[in-house]
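Taking it in order: structure first as structure tokens, then the write-up.
The values are calculated or read from the model by the stated rules, or taken from the named source; none is laboratory data. Keep in mind that this is a model prediction, so the values were computed, not measured. Cβ atoms come from the backbone with ideal geometry, glycine included; neighbour counts cover every protein chain shown. Accessible surface areas use protein heavy atoms only, side chains included; no ligands, DNA or RNA. Shrake-Rupley method; radii C 1.70, N 1.55, O 1.52, S 1.80 Å.
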Amino acid sequence: MTLAAAHAAPLPGAPFVSYRDGRLMVEDVALSELARAHGTPLFVYSRAAILHALAAYQRGLAGREALICYSIKANSSLAILKLLADAGCGFDIVSGGELERALAVGAAPSKIIFSGIGKTRPEMLRALQAGVGCFNVESMAELDALNEVAQSCGQTAPVSIRVNPDVDAKTHPYISTGLKGNKFGIAHQDALAAYRRAASLPGLRVTGIDCHIGSQLTTPAPYLEAMERVLDLVAAIEAAGIPIGHIDFGGGLGIDYDGDAPPAADALWARLLARLDARGYGDRALMIEPGRSLLGNAGVCVTQVLYFKPGEQKNFCIVDAAMNDLPRPALYQAFHRIEPVQAAAPDTPATVYDVVGPVCESGDWLGRERALAVAAGDYLAVLSAGAYCMAMASNYNSRPRAAEVLVCGRDAQLIRRRETVQDLWRDERLPG
Ligand code: LLP
């Protein structure tokens, strides 16, 4: 780290994003320079921040047989996947598309686990032929389908069953997955029967068990509760003569969006491992599927202020990024910090704005009631935008998707060029 960097104040939750001489930097690169060079909206990621977040998991799981399977859905850009594959990660995938992305960056197939409630038979076949490490199966019907597909190509599919531990993750209802009413996993009370069925099918080979209770969890309690419930099941399944080789605890660890204070990954795992050891399962191979906690605070989205619009009740600050680029506020009423890329002089008066995009929907807002001292043409940075932003971006309103840059120290590389309008209609045809 340079001397200047050492004196810079990192922003909350984002240790590699800081102001230096009033300029917002990602590592040693000024966001204003990137915005001028590549245009806006622009996603910028810090390589060091990603590796820093990964290191906390690696420390927490050191000395254990553990595989960190990055959950590709959080951010599926190839350069990000390559970085994580090179750092030793496996991958958690939920579609044939994510499988191809993982294979395209040279991921070891045996380190890929295939989750999701609706795998199609062609997806199963492709994954079997590629040699994925495990299928996380979520229903009886899926067990039967996978068995048939495996038998049709003369293979046995490695399976773990995703159990629903019925634990309240106390997160947003759309990202809570471990409660009885959710579509995910096999109910706790049905899990043993599902394992018996899996063990009886010739095309399947039981290798483990898995659970995932939700996303953006900010306390250890739901993890500990889920672990107790999963270990109770491991005991019952093994008593029925079916060995459980690995335990997959899913993803879900939250990040600091707005003063949230989730446990650090290493501290969380110290507690979980102590409990695992106490219950006599410390020797099991472990898997985890983190997504947001590796990428979320490693990325920002830079946007340019277009216009101000004073309203009767509100002032609007209209920017060039929108819900198609940053869907989380519209979908989950999510909060993302919004900071000026060039800090205002200390006594500049601020105005309270709703920061909104150009999309024709009232739900197209990025931040509400934000005090900002900005002028038209200035750049703003939407923070905590590394996970579930670009990956969920759409072309709504025929808006080409943003470009992406990966920063490493002073170096900044374009990892995705901005889409063009021609890209959008490339596959369309006018009837003859
Ligand atoms: N494993 C499974 C089976 C999952 O369903 C998920 C996320 C993960 C792992 C990774 O969870 P993470 O560590 O990222 O919390 N779009 C929403 C989040 C959806 C999460 C879906 N599943 C958002 O923007 O908040």
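Things to note:
- Here segment 180-221 is scanned for amide nitrogen atoms under 17 Å from the site 7 Å beyond the Cα of A239 along Cα-to-Cβ, giving 188-196.
- Coupling constants for segment 223-234 follow from the phi torsions by the Karplus curve (6.51 cos²θ - 1.76 cosθ + 1.60, θ = phi - 60°), and in residue order they are 5, 5, 5, 4, 4, 4, 5, 5, 5, 4, 5, 4 Hz; glycine and proline get x.
- Rounded percent of accessible protein surface that carbon and sulfur make up, the chain, 1.4 Å probe: 53
- Electrostatic tally near R399: other residues with Cβ closer than 10 Å to its Cβ, Lys and Arg +1, Asp and Glu -1, net -2.
- The packing ranking of peptides 103-111, 418-426, 42-50, 334-342, highest mean first, is 42-50, 334-342, 103-111, 418-426, where packing means the average number of other beta carbon atoms within 10 angstrom of each residue.
- With both residues required to sit in the chain, DSSP beta bridges show an antiparallel share near 50%.
- Ordering of 317-325, 397-405 by packing is 317-325, 397-405, highest average first (other Cβ atoms within 10 Å, averaged per residue).
- Secondary structure note: in segment 48-294, about 5% of the DSSP beta bridges are antiparallel.
- Segment 1-112 - Kirkwood radius from inverse mean 1/r over Cα pairs (Å): 15.9
- In segment 48-294, lysine pairs with alpha-carbon atoms under 25 angstrom apart (chain gap of 8 or more, or interchain): 13
- Subtracting the Cα-Cα distance of T156 and A221 from 0.36 nm times their residue separation leaves 19.7 nm of extension gain.
- Cα convex hull, segment 95-216: 100 Å³ per residue, rounded to a whole number.
- Stretching the chain fully between D427 and N315 yields a gain of 36.3 nm (0.36 nm per residue, less the alpha carbon separation).
- A141/S398 FRET efficiency (R0 51 Å; Cβ-Cβ; nearest 0.05): 0.85
- Per-selection Rg to Rh, segment 298-432 - Cα, Kirkwood hydrodynamic radius: 1.01
- Added length on full extension, which subtracts the Cα-Cα distance from 0.36 nm per residue, R275 to A350: 22.0 nm
- Our coupling estimate for segment 15-29, obtained by passing each phi through the Karplus curve with A = 6.51, B = -1.76, C = 1.60 and θ = phi - 60°, is x, 10, 10, 8, 8, 10, 6, x, 9, 7, 10, 10, 6, 9, 10 Hz, Gly and Pro reported as x.
- Separation between Cα centres of segment 53-89 and segment 213-245, rounded to whole Å: 22
- Eigen-decomposition of the gyration tensor built on the alpha-carbon atoms of segment 218-271 gives equivalent ellipsoid semi-axes of 29, 10, 8 angstrom, largest listed first.
- Accessible surface for the chain, divided over its residues, is 42 Å² per residue with a 1.4 Å probe.
- Measure of compaction for segment 48-294 (Cα Rg per 2.2 N^0.38 Å): 0.94
- q = 0.11, 0.12 Å⁻¹, segment 218-322: log10 I(q)/I(0) [Debye, one scatterer per Cα]: -0.53, -0.59
- Relative packing of 380-392, 240-252, 71-83, 9-21, which averages over residues the other C-beta atoms within 10 Å, highest first: 380-392, 71-83, 240-252, 9-21
- Total formal charge among the other residues, if their Cβ is under 15 angstrom from that of F114, Lys/Arg +1 and Asp/Glu -1: -1
- Across every direction, the projection of the convex hull enclosing the Cα atoms of the chain has a mean area of 23.7 nm².
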